[in-house]
Amino acid sequence: MNNKKIGISLVVMATFFWAIMGVSSRYLTNAGVTPTSISFFRCLIAAVGFSIFLAIFNRAAFNINLKGIIISSLYGIVAFGLSFTTFNIAVERVPIAVATVLMFTNPIWVTIFNAIFFKEKISKKKAFIIALAIIGSILIANLLGTNIADLDFVGIFAGLLTGIIFALQIVIPRFFEGTYTKDSMLIYGFIASTIVLALFTDFKGLSNTLSTSISPSMIVINILAIGVLSTFIANIAYVKATDYIESGLASVLVALEPVLGSLFGFIFYGETLTVFQIFGALLIVVAAIWLAKAD
């Protein structure tokens, strides 16, 4: 298998694992596990897995000064702990397809943040693409296709906020390029977000949920799926893929995520979208791909 095929295979695997995250999250919330608890286990498993990974392949990542630990911790609390929680809230309240597509607006926010913080010019083409994504977000949220009273604004806002915060995962490390490595910021970020989320996790309630559930093993399996597959393996696979293919191609392939997320939502929960929502989803996917290929 040549390098390009390896890179594409890694991205497709990461995308698949990200796409099933909505299904696992919905199962857990339906079982009575809170969004914060789901986020806690996601960060905990990622922290443990990534620590083992770095201990084997990059021990130097642990060597960082106190200022770096503080910066990385704040980065993790916001970029991981908060974004994981808002995604879980969105999946709990709106269709998986809607939550996934709104999260997929992150390339648009990256472009906007880069223009604000790093003075990168937004060309007329990029402005047009961003406008397409905004129209797509309005349609996927069904703002035009239902009564205002029937809209779940909390779920829609949580989905949009996930996309914005997800973008910060990419933007924030740019402020510290050459000072702290991404691996260092990731590992201390995961550790800090785990500690903070532990303060808001109802362990007693989780214990009661497991003890009263008709299938406690499925709760454990879905927690592991989100932590191991959708966070630890998926993120490492995506980062590793960029060693074999250009980041632009990787970004385009990730466009499969909302498509697969919508498909899994239909298969597992019978969720369907209106014609306008499907069109909005397509607009966002096309905008993200176009933006990845734009100059």
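No lab work stands behind these numbers, since they all come straight from the coordinates. The shown structure was predicted, so the numbers you read here are calculated from the model rather than taken from an experiment. No Cβ is skipped: glycine too gets one built from the backbone with ideal geometry, and neighbour counts run over all protein chains shown.
Figures for the structure shown
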{"read-out": "Charge tally in the Cβ shell below 15 Å around I52, where Lys, Arg are +1 and Asp, Glu are -1, I52 excluded", "value": "0"}
{"read-out": "Mean Cα-pair separation over length for the chain, i.e. relative contact order, pairs under 8 Å, 6 or more apart, %", "value": "43 percent"}
{"read-out": "Residue-averaged 222 nm ellipticity for the chain, from DSSP H runs of 4+ at -39500 (n - 2.57), nearest 500", "value": "-23000 deg cm²/dmol"}
{"read-out": "Extended-chain gain in nm, criterion 0.36 nm per residue less alpha-carbon gap, F203 and L224", "value": "5.9 nm"}
{"read-out": "Extension reserve of the N2-F118 stretch, reckoned as 0.36 nm per residue once the Cα distance is removed", "value": "38.2 nm"}
{"read-out": "Inter-label distance for E246 and F266, nm, one decimal - labels placed 7 Å from Cα along Cα-to-Cβ", "value": "3.3 nm"}
{"read-out": "Total charge dipole magnitude, the chain, about the Cα centre, Cβ charges on Lys, Arg, Asp, Glu only, Debye to nearest 20", "value": "600 debye"}
{"read-out": "Normalised contact order of segment 1-98, rounded percent, pairs of Cα under 8 Å and 6 or more residues apart", "value": "50 percent"}
{"read-out": "Sites I278 and I214, calculated FRET efficiency, Cβ-Cβ separation with R0 41 Å, nearest 0.05", "value": "0.70"}
{"read-out": "Simple spin-label estimate for K182 and F57 in nanometres, 7 Å along Cα-Cβ", "value": "1.2 nm"}
{"read-out": "Contour minus Cα-Cα distance for K67 and A127 (0.36 nm per residue)", "value": "17.9 nm"}
{"read-out": "Reduced Cα scattering model of the chain, Debye log10 I(q)/I(0), q = 0.07, 0.09, 0.15 Å⁻¹", "value": "-0.26, -0.43, -1.24"}
